[in-house]
Amino acid sequence: MSTSTRKRKNASAMRMVGALLALYREAAGYTQRSLGEVFGISEQQIASVEQGRRPLKLDLAEKLDDLLETKGALVTAVSRMPEVDLIPRWAEEFLDREQDAIAISVYDSLAVPGQLQTERYARAVFRSRVPVYDEDKIEQLVATRMQRQGILHRKDPPTTSFVVWEAVLRDRLGRQDVFMEQVQKLREYADLPCVSFQILPLGRTTHAGLDGPFVLFETPDHQRIAYMEAQRGSHLIADPNGVGVLTQKYAMLRTQALNTEDTRDLLDRLSGEA
């Protein structure tokens, strides 16, 4: 079966699951807003699922079946949806949260954050994967990553903060010209009014980010959520204590990093390293 055929079948299945959710929600007397409030998610997210624009996650389907007393109907529908491999299931909820967030804070020590990558740098990132992706898969993933960057150019973009360890910018992922293009793009993003970009310099005697990269989101309902990746997956953290610890870490990282003006100066110097 071709990729386009799988996508059409998946879209049809998503619309069917969304229609079921709308039917069960209305029968139980919930509005999209009141149903979202039960699970701490936005009205827009419920609407997107019901309209077939985003998939219903299995864990949420289980909770909905319990609340709406639908005897496992939503779980059954979700589990029988056709697979589309473009975005792993464990990454889908991260992308949902990213699209809905009103504020995003990102710390990365391994690579330039995906929201800021050039197309060629993203391609180099995916080509570094072990085991390797084939070229068709890489091109699909690059296209998806480029689409994500639209959130920073919306009419109402989220307030976004990035702290990136300088080691990322001392690497030459791809090759020298890929690196130079990436630094120039970072310099452009550093001037966007919705973006704060800071470099955490090498040579520090203290470092609040030694446990690795993470992302913090603030939802339209002002709920705070964290996201962390591992070698074989990722997880979202909604527990206030866990989110609070990472919020403290991020605050410390911002004090340890260069301020935005000094960061722009460093990017200008790196741009001159041909």
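In this structure, does Gln140 turn out to be surrounded by 15 or more Cβ atoms within 10 Å (Cβ to Cβ), assigned by TED's automatic domain parsing to the domain that holds Leu267 and modelled with pLDDT of 95 or more?
Values: surrounded by 15 or more Cβ atoms within 10 Å (Cβ to Cβ): yes; assigned by TED's automatic domain parsing to the domain that holds Leu267: yes; modelled with pLDDT of 95 or more: no.
No: the conditions fail for Gln140.
Kindly list, by first and then second residue, each pair from a residue in region 225-248 that is farther than 30 Å from Phe126 by Cβ to a residue that is polar (S, T, N, Q), limited to pairs with Cβ atoms under 9 Å and residues at least 6 apart or on different chains.
From residues that are farther than 30 Å from Phe126 by Cβ, the pairs are Thr247/Ser105.
Filter region 90-118 for residues that are among the acidic types (Asp, Glu) and either touching a Ser or Thr at 6+ places or on another chain (Cβ under 6 Å) or modelled with pLDDT under 95 (or both) and give the result.
Of region 90-118, the ones among the acidic types (Asp, Glu) are 92-93, 96, 98, 100, 108.
Answer for region 90-118, where residues must be among the acidic types (Asp, Glu) and either touching a Ser or Thr at 6+ places or on another chain (Cβ under 6 Å) or modelled with pLDDT under 95 (or both): Glu92, Glu93, Asp96, Glu98, Asp100.
Please enumerate the residues belonging to region 203-228 that are out of contact with any strand residue (DSSP E or B) (no Cβ under 8 Å at 6 or more places or on another chain) and either on the phi < 0 side of the Ramachandran plot or surrounded by 16 or more Cβ atoms within 10 Å (Cβ to Cβ) (or both). Lay out the reasoning, then the answer.
Filtering region 203-228 down to residues out of contact with any strand residue (DSSP E or B) (no Cβ under 8 Å at 6 or more places or on another chain) leaves 203-206, 208, 210-211, 220-223.
Of everything in region 203-228, those that are out of contact with any strand residue (DSSP E or B) (no Cβ under 8 Å at 6 or more places or on another chain) and either on the phi < 0 side of the Ramachandran plot or surrounded by 16 or more Cβ atoms within 10 Å (Cβ to Cβ) (or both) turn out to be Arg204, Thr205, Thr206, Ala208, Leu210, Asp211, Pro220, Asp221, Gln223.
How many of the residues in region 215-254 are among the polar types (S, T, N, Q) and part of a strand (DSSP E or B)? Give the steps one after another, and end with the answer.
Going residue by residue through region 215-254, those that are among the polar types (S, T, N, Q) are 219, 223, 231, 234, 241, 247-248.
So of that shortlist, the ones also part of a strand (DSSP E or B) come out as 234.
Looking only at that region, the number is 1.
Considering region 133-165 alone, what residues qualify as being within 17 Å of Tyr107 (Cα to Cα) and more than 14 Å from the chain's Cα centre (by Cα)?
Of everything in region 133-165, those that are within 17 Å of Tyr107 (Cα to Cα) and more than 14 Å from the chain's Cα centre (by Cα) turn out to be Thr159, Val163, Val164, Trp165.
Here are some residues: Gly203, Gly212. Which one is under 22 Å from Leu169 (Cα atoms), in contact (Cβ under 8 Å) with a residue 60 or more places away in the chain and either among the acidic types (Asp, Glu) or outside any strand (DSSP E or B) (or both)?
Values: Gly203 fails: in contact (Cβ under 8 Å) with a residue 60 or more places away in the chain.
Step by step, each of Gly203, Gly212 is checked, and only Gly212 is under 22 Å from Leu169 (Cα atoms), in contact (Cβ under 8 Å) with a residue 60 or more places away in the chain and either among the acidic types (Asp, Glu) or outside any strand (DSSP E or B) (or both).
Take the residues in region 226-250 that are under 16 Å from the mean Cα position of the chain (by Cα) and hydroxyl-bearing (Ser, Thr, Tyr), then tell me which one is modelled with the highest pLDDT.
Among those residues, the one meeting the criterion is Tyr227.
Restricted to region 177-190, and to residues that are surrounded by fewer than 18 Cβ atoms within 10 Å (Cβ to Cβ) and free of Cβ contacts under 8 Å to residues at least 60 places away in the same chain, which residue is nearest to Val125 (Cα to Cα)?
Residue satisfying both the conditions and the ranking: Asp177.
The values are calculated or read from the model by the stated rules, or taken from the named source; none is laboratory data. This one's a predicted model, so the numbers in the text were calculated from it and none came from an experiment. So basically every Cβ, Gly included, is an ideal-geometry build from the backbone, and we count neighbours across all protein chains shown.
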